[in-house]
Amino acid sequence: MSVTSVAAYDFPPKDGADKFPAPLLYIGWEDHKMFCAPFCVPVPPATKFGDFVTDALPGMFSPHPDFKHIDWNKTEWFLSGKPFKPDMGKTMVENGVGHKSVVRFRTPGLTGLGNSCF
């Protein structure tokens with residue numbers, strides 16, 4: 001069912017990037033249901049994508065037994081639902097990652113606890 005507004009729907013968002021210590025990023029690991037939803041974390045725009053992978057992701061996902069087996073060279077990345085190939089040496093902004101972007105990654109060969117997501 002569609003909805004039609006009876007008046008202009010124009011106001012500043014209450015969750016803009018200026019309201020947070022750094023832009024928010026949603027990050028999720030495909031096929032790993034131990035984490036039921038993407039994490040939402042503030043990530044400074046000058047953070048290099050590779051540093052985010054090596055420094056931040058272990059703190060979020062290392063409790064999963066598959067994490068230590070990830071081959072980052074074979075990882076498939078998605079930015080807001082579309083496949084993308086991040087440049088690990090470039091910043092989040094240079095990679096097109098902005099406030100409230102959704103980054104998901106898939107790890108071929110690793111499909112959840114006991115291959116539960118085959």
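Annotations for the structure displayed:
- The lysines within cross-link reach of LYS33, meaning a Cα-to-Cα straight distance under 18 Å and a gap of 8 or more places when in the same chain, are LYS68.
- Contact order for the chain, expressed relative to its length and based on alpha carbon pairs under 8 Å spaced 6+ residues apart, stands at 34 percent.
- The 3J(HN,Hα) values that the Karplus relation (6.51, -1.76, 1.60; θ = phi - 60°) gives for region 34-40 are, in residue order, 4, 10, 6, 8, x, 6, 10 Hz. Gly and Pro appear as x.
- Its Cα centre serving as origin, region 17-115 has a Cβ charge dipole (Lys and Arg +1, Asp and Glu -1) of approximately 180 debye.
- The simple Förster model, with R0 at 25 Å and r as the Cβ-Cβ distance, assigns ASP10 and CYS40 a FRET efficiency of 0.45.
- Sequentially through region 62-75, phi angles give Karplus couplings (6.51, -1.76, 1.60; θ = phi - 60°) of 5, x, 7, x, 6, 4, 5, 9, 5, 9, 5, 6, 9, 5 Hz, Gly and Pro residues having no value and appearing as x.
- Rounded to 5, the percent of DSSP beta bridges in region 10-118 classed as antiparallel: 70 percent
- Span from the region 1-35 Cα centroid across to the region 52-84 one, whole angstrom: 22 Å
- Extent along the principal axes, Cα only, for region 17-115: 42, 24, 24 Å, with the longest axis given first.
- Near ALA37: Cβ cut-off under 13 Å, other residues only, Lys/Arg at +1 and Asp/Glu at -1. The net charge is +1.
Computed from the coordinates by the stated procedures, all read-outs in this text should not be read as laboratory data. Small disclaimer: the values here were computed from a predicted structure and weren't measured. All Cβ positions, glycine included, derive from the backbone under ideal geometry; neighbour counts span all protein chains shown.
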